[in-house]
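A quick write-up on the structure given underneath.
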Amino acid sequence: MNIPEIIDLRSDTVTKPTPAMREAMATCEVGDDVFGDDPTVIELERMTAEMVGTEASVWCPTGTMANQVAVATHTRPGQEVIAGNWSHIVNYELGGIAWNSLCQLYPVSDEGGRPSLKDVDAVIREETMHTPGTGLLCLENTHNRRGGRVIPIEELRALADLGHRRDVPVYLDGARIWNASTASGVPVSQYAACVDSMMFCLSKGLASPAGSMLCGRREFIDRARRLRKRMGGGLRQAGVLAACGIVSLREMIHRLGEDHENAKRLAKAMSGSGALQIDPETVQTNICIFKLPEGVSGTSVDFAAAARAEGLLVTCMGRDHVRMVTHNDFRGEWIEAVVRRASEAMAKIG
């Protein structure tokens, strides 16, 4: 068995373009997307809207830009945005909501991967002389920091219905929505139908080198396209990247279940080794959040450094947790090597 010198499980963003993607990049037709005449971008946006059941979509260079464009399109300055306290949009976008939209965040607990109806209902506010009005509710599916948890469609629908009853639009950061669909069996179109707009990434489990799709009603997407330009997302011959997205939608969705199975096998093997702690039953998709064993003197940073020296790359998630994410470039037969390298790293810091 050929085990690579470096096994990279930091994220599913580390995948390399497939041969089909490289061929598509070399042969696709291109134009100037800012002028709206790149035929490959146009085709990707058409395919996306058709697949998720929305009126329109717009290609964005990154998921963070798609999130920020969506928030800015839905809100006006001075409003409040409700989001889970461990969500990507709160933790990993450099305060972008305040910077780009001039809105303030109201974080609520998202234990289990989503906020509760009770908590959301309690913090929606009317605009008064003293309080900002709630301009948007943001949800995340699957939830990164909560171990790739899937929001059940019934709970997503209930949260969205609550927002709509209170005249609050609902946005879904669906960076890994195709993973959620694969795990749950619920079509992505049903998730999209619950909310006012949704984003998904092409550059994670779907293995494109870049790109995310923002989906919604046509009028919303028209305004979002203008804000994308304002934020620097008006690429010219973007078809060379959109071509990879078309390959992702045609060829990469069906194989996500393999990543999920590898993540579950990894969690079970790691738990059995005692090197890192996890309840394998909590792994739903392709993300494993491991806890360092009790009594270990080192931190997640120490473990990550020791693991790197052993040829294993992981991501730190707080002081005593690390993340490993399975993906298209990871092979199930490497799991034993991952566990062995993690055990050796733990021995160094224990």
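Hey, which of the helices (runs of 4 or more DSSP H) in the range 138-216, taking only ones fully inside, have at least 1 residues that are more than 21 Å from Leu241 (Cα to Cα) and assigned by TED's automatic domain parsing to the domain that holds Gly318? Break it down stepwise before answering.
Details: elements: 153-165, 177-184, 188-194.
The helices (runs of 4 or more DSSP H) meeting that bar number zero.
List the number of the failed condition for Val301; all other conditions in (1) touching a residue at least 60 places away in the same chain (Cβ under 8 Å); (2) more than 30 Å from Glu29 (Cβ to Cβ); (3) in a helix (DSSP H, G or I); (4) among the β-branched types (Val, Ile, Thr) hold.
Val301 satisfies all of (1) touching a residue at least 60 places away in the same chain (Cβ under 8 Å); (2) more than 30 Å from Glu29 (Cβ to Cβ); (3) in a helix (DSSP H, G or I); (4) among the β-branched types (Val, Ile, Thr) except (1).
Among the residues of the range 13-62, which ones are in contact with a Pro (Cβ under 9 Å, 6 or more places away or on another chain) and either free of Cβ contacts under 8 Å to residues at least 12 places away in the same chain or of a type in the set (Lys, Arg) (or both)?
Hit for the range 13-62 is Lys16, nothing else.
Any idea which of Arg319, Arg340 is free of Cβ contacts under 8 Å to residues at least 40 places away in the same chain and not in a helix (DSSP H, G or I)?
Within the list Arg319, Arg340, the selection yields Arg319.
Tell me the residue from Arg265, Arg250, Arg226, Arg255 that is under 30 Å from Gly96 (Cα atoms) and either of a type in the set (Ser, Thr, Tyr) or modelled with pLDDT of 95 or more (or both), please.
Arg226
Just one of Ile278, Ile335, Ile289, Ile349 is aliphatic (A, V, I, L, M), crowded, with 16+ Cβ neighbours inside 10 Å and in contact with a Ser or Thr (Cβ under 6 Å, 6 or more places away or on another chain); which is it? Step through it out loud before you land on a result.
On the way: Ile335 fails: in contact with a Ser or Thr (Cβ under 6 Å, 6 or more places away or on another chain); Ile289 fails: in contact with a Ser or Thr (Cβ under 6 Å, 6 or more places away or on another chain); Ile349 fails: in contact with a Ser or Thr (Cβ under 6 Å, 6 or more places away or on another chain).
When all the criteria are applied, what remains is Ile278.
Go through (1) under 18 Å from Asn179 (Cα atoms); (2) charged (D, E, K, R); (3) free of Cβ contacts under 8 Å to residues at least 40 places away in the same chain and name the single condition Arg265 misses.
Only one criterion in (1) under 18 Å from Asn179 (Cα atoms); (2) charged (D, E, K, R); (3) free of Cβ contacts under 8 Å to residues at least 40 places away in the same chain is unmet by Arg265, namely (3).
Test Gly96 against the stated conditions and say whether it is modelled with pLDDT under 95 and in the same structural domain as Gly216 (by TED's automatic domain parsing).
No; evaluated as a whole, the condition is false for this residue.
Go through the range 76-90 residue by residue and tally those that are among the polar types (S, T, N, Q) and more than 13 Å from the chain's Cα centre (by Cα). Even if it seems obvious, please write down each step before you answer.
Quick first cut of the range 76-90, residues among the polar types (S, T, N, Q) only: 79, 85, 87.
Okay, now just the ones that are also more than 13 Å from the chain's Cα centre (by Cα), so 79, 85.
Qualifying residue count, the range 76-90: 2.
Output the number of the condition that Asn262 fails; it satisfies all remaining conditions of (1) touching a Lys or Arg at 6+ places or on another chain (Cβ under 9 Å); (2) surrounded by fewer than 20 Cβ atoms within 10 Å (Cβ to Cβ).
Unmet for Asn262, out of (1) touching a Lys or Arg at 6+ places or on another chain (Cβ under 9 Å); (2) surrounded by fewer than 20 Cβ atoms within 10 Å (Cβ to Cβ): (2).
Please work out which residue is surrounded by the most Cβ atoms within 10 Å (Cβ to Cβ), limiting yourself to the range 299-332 and to residues that are out of contact with any helix residue (DSSP H, G or I) (no Cβ under 6 Å at 6 or more places or on another chain) and aliphatic (A, V, I, L, M).
Only one residue fits best here, namely Met324.
Can you pull out every residue in the range 63-93 that is out of contact with any strand residue (DSSP E or B) (no Cβ under 6 Å at 6 or more places or on another chain), outside any helix (DSSP H, G or I) and hydroxyl-bearing (Ser, Thr, Tyr)?
Hit for the range 63-93 is Tyr92, nothing else.
Tally up the residues in the range 235-289 that are part of a helix (DSSP H, G or I), among the aliphatic types (A, V, I, L, M) and either touching a Gly at 6+ places or on another chain (Cβ under 9 Å) or assigned by TED's automatic domain parsing to the domain that holds Val322 (or both), please.
Selection size over the range 235-289: 10.
Inspect all residues belonging to the range 306-325 and state whether any of them is closer than 20 Å to Gln284 by Cα, of a type in the set (Asp, Glu) and not assigned by TED's automatic domain parsing to the domain that holds His143.
no
Would it be correct to say that Ala345 is of a type outside the set (D, E, K, R), more than 21 Å from Asp259 (Cβ to Cβ) and either part of a strand (DSSP E or B) or in contact (Cβ under 8 Å) with a residue 40 or more places away in the chain (or both)?
Yes: the conditions hold for Ala345.
Which of the residues spanning the range 94-124 are surrounded by fewer than 17 Cβ atoms within 10 Å (Cβ to Cβ) and part of a loop (DSSP other than H, G, I, E, B)?
Leu94, Gly95, Leu102, Ser109, Ser116
Would you please list the contacts, defined by Cβ atoms under 9 Å and residues six or more apart or on different chains, that run from a residue in the range 284-296 that is among the basic types (Lys, Arg) to a residue that is surrounded by fewer than 24 Cβ atoms within 10 Å (Cβ to Cβ)?
Pairs found: Lys291/Gln277; Lys291/Ile278; Lys291/Asp320; Lys291/His321.
The values are calculated or read from the model by the stated rules, or taken from the named source; none is laboratory data. Keep in mind that what you see is a predicted model, and the values were worked out from it rather than measured. When we count neighbours, we look across all protein chains shown, and the Cβ atoms used for this are built from the backbone with ideal geometry, even at glycine.
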